[in-house]
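A short worksheet on the structure shown next.
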Amino acid sequence: MRRVRRTLLRDQAYESIRDAIVGGDIPPGSVVRDTELAELLGLSRAPVREAFSRLTDEGLLESKPQSYTRVTELVAADVRDAAAVVRAMHEVAVRAAVPRLTDTDLQAMREADARFLRFVSEGDIDAALHADDELHHTLVRVADNRAAAATIRRYTPLIRRLERDRFGDPVTCRSAGLHDRLIAACAARDLTAACTVTTEIWRGLEQLADDCDADGPGPVDALTGPGSPRRTGR
């Protein structure tokens, strides 16, 4: 029982810190300390240290032994690489899932898309991205490919940092129309069309990273360009 509880605490620490980084509550470049976060989360240092190790492996933290652990800057090239990997895994998931989708699965996708549209119109960034995750997760869940699912979980947070900063960008807002096409293709059991739309969705995020890279060299913090105001909504 103790081992199970330790695993749960580690996962809870990881999710809380990850969400704070992706959501911008802990900004890029911020130094994080296990003692401070453990106290804030009401945990011991052990699960927080384990979360730090996982977040470092996933590219959200960087550490210099005996010196510091800090939140990584948002680098366009890293996001582009992550988006390419996530795109490939979603393509794998779609190929496996489309023939297996039930009417209940399709309804879940439609409901997630409706929430996505509502939250986008309200400018609720976090809720919109969560609804987007729910829509695509239906396909990942039905595909039942553990390797693909694990890879998507690992690299999606890097992409979400960029999407959150660029919320309202035409590249991200066009997801609504692409969702409609994806759901229609899935309902028609048109595997070719579903794969084509999936590729288009995730290539759009690779393009978003390319656009950010064009803003200037080096880390992308204020992603709308040097000296530009940060965009946090429509």
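Laboratory data are not the source of any read-out in this text; all were calculated from the coordinates shown. Note that the structure is predicted; figures quoted are calculated from it, not measured. All Cβ positions, even for glycine, are placed from backbone atoms using ideal geometry, and neighbour counts span all protein chains on display.
Taking each pair of different alpha-carbon atoms in segment 1-104 once, compute 1/r for the pair, average those values, and report the inverse of that mean as the Kirkwood hydrodynamic radius in Å to one decimal. Before the final figure, lay out the partial values.
Details: mean 1/r = 0.0637 Å⁻¹.
Result for segment 1-104 stands at 15.7 Å.
What number does segment 100-168 give for Rg over Rh if you use C-alpha atoms and the Kirkwood radius? Write out the running numbers ahead of the final one.
Values: Rg = 12.9 Å, Rh = 12.8 Å.
Dividing the radius of gyration by the Kirkwood radius yields 1.01.
Here the simple spin-label model places points 7 Å from the Cα toward Cβ, and for D81 and S30 these points are separated by 2.5 nm.
How many percent of Cα pairs in segment 45-136 exceed 15 Å? Result for the distance tail: 74 percent. Taking 7 Å steps out from each Cα toward its Cβ at L191 and L117 produces label points 3.0 nm apart.
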